[in-house]
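The values are calculated or read from the model by the stated rules, or taken from the named source; none is laboratory data. Values in this document were obtained by computation on a predicted structure and should not be read as measured data. Cβ placement follows ideal geometry from the backbone for every residue including glycine, while neighbour counts extend to all protein chains displayed.
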Amino acid sequence: MKLLTSLFLSSTLLISTLANAATFTIEDAHVRATPPHSQNSAAFMKIHNNSDMSRKLVSASSDIAERVELHNHIMSEGMMKMRQVDEINIDANASVELRPGSFHVMFIGLNAPLVAGEMVKLKLYFNNGDEVIIDAPIKKINMKKKHNH
Ligand SMILES: [Cu+2]
């Protein structure tokens, strides 16, 4: 009986771990390449919430910059301006797209220029306790595009 109980417990643990790991799917993560001496950059990606509960991205971390913040762009007096946000909501079974001119992960105080083709390790923290580590390639992004959104 004791053996059965422990078998049951361990399989329950295994199932919940697997379910947990699949809560979020990150697609097309990439980081904007920077010219020399540039202090800031941003990461973009599509985050899918596979759960039946709405979730929030609450922070991100990386060792490429002094500070990593969550940002959004808003229209203010006819100008697009960046603002720090506390969280980025992702509805149940839905996606949010971090893209130029919208939500993004902001890197402030880069330790080194970001060279296209290299990789950035980024950790994402969600309000259900999930932490997701991603490797995002550095890509050249035409920032003029952001005004089209
Ligand atoms: Cu920003």
Right, residue 74: at negative phi, surrounded by 15 or more Cβ atoms within 10 Å (Cβ to Cβ) and touching a strand residue (DSSP E or B) at 6+ places or on another chain (Cβ under 8 Å) or not? no
Checking residue 141 against (1) surrounded by fewer than 14 Cβ atoms within 10 Å (Cβ to Cβ); (2) at pLDDT below 95: exactly one of these is not met. Which one? (1)
Suppose the filter is within 15 Å of the ligand (Cβ to nearest atom), within 17 Å of residue 142 (Cα to Cα) and within 16 Å of the chain's Cα centre (by Cα); does residue 60 pass it? no
Testing residue 82 on (1) surrounded by fewer than 18 Cβ atoms within 10 Å (Cβ to Cβ); (2) modelled with pLDDT of 95 or more, one condition comes back false. Which one is that? (2)
Answer residue from the stretch 77-95, given it is within 16 Å of the ligand (Cβ to nearest atom) and among the aliphatic types (A, V, I, L, M) and is nearest to residue 58 (Cα to Cα) among those: 88
Residue identified as over 16 Å from residue 102 (Cα atoms) and under 19 Å from the mean Cα position of the chain (by Cα) among 45, 53, 82: 53
Complete set of residues in the stretch 122-138 that are part of a strand (DSSP E or B), in contact (Cβ under 8 Å) with a residue 24 or more places away in the chain and either over 13 Å from residue 30 (Cβ atoms) or touching a Gly at 6+ places or on another chain (Cβ under 6 Å) (or both): 123, 124, 125, 126, 132
Are there any strands (runs of 3 or more DSSP E) wholly within the stretch 34-119 with 2 or more residues that are of a type in the set (S, T, N, Q) and in contact (Cβ under 8 Å) with a residue 12 or more places away in the chain, and if so which? 40-49, 55-61
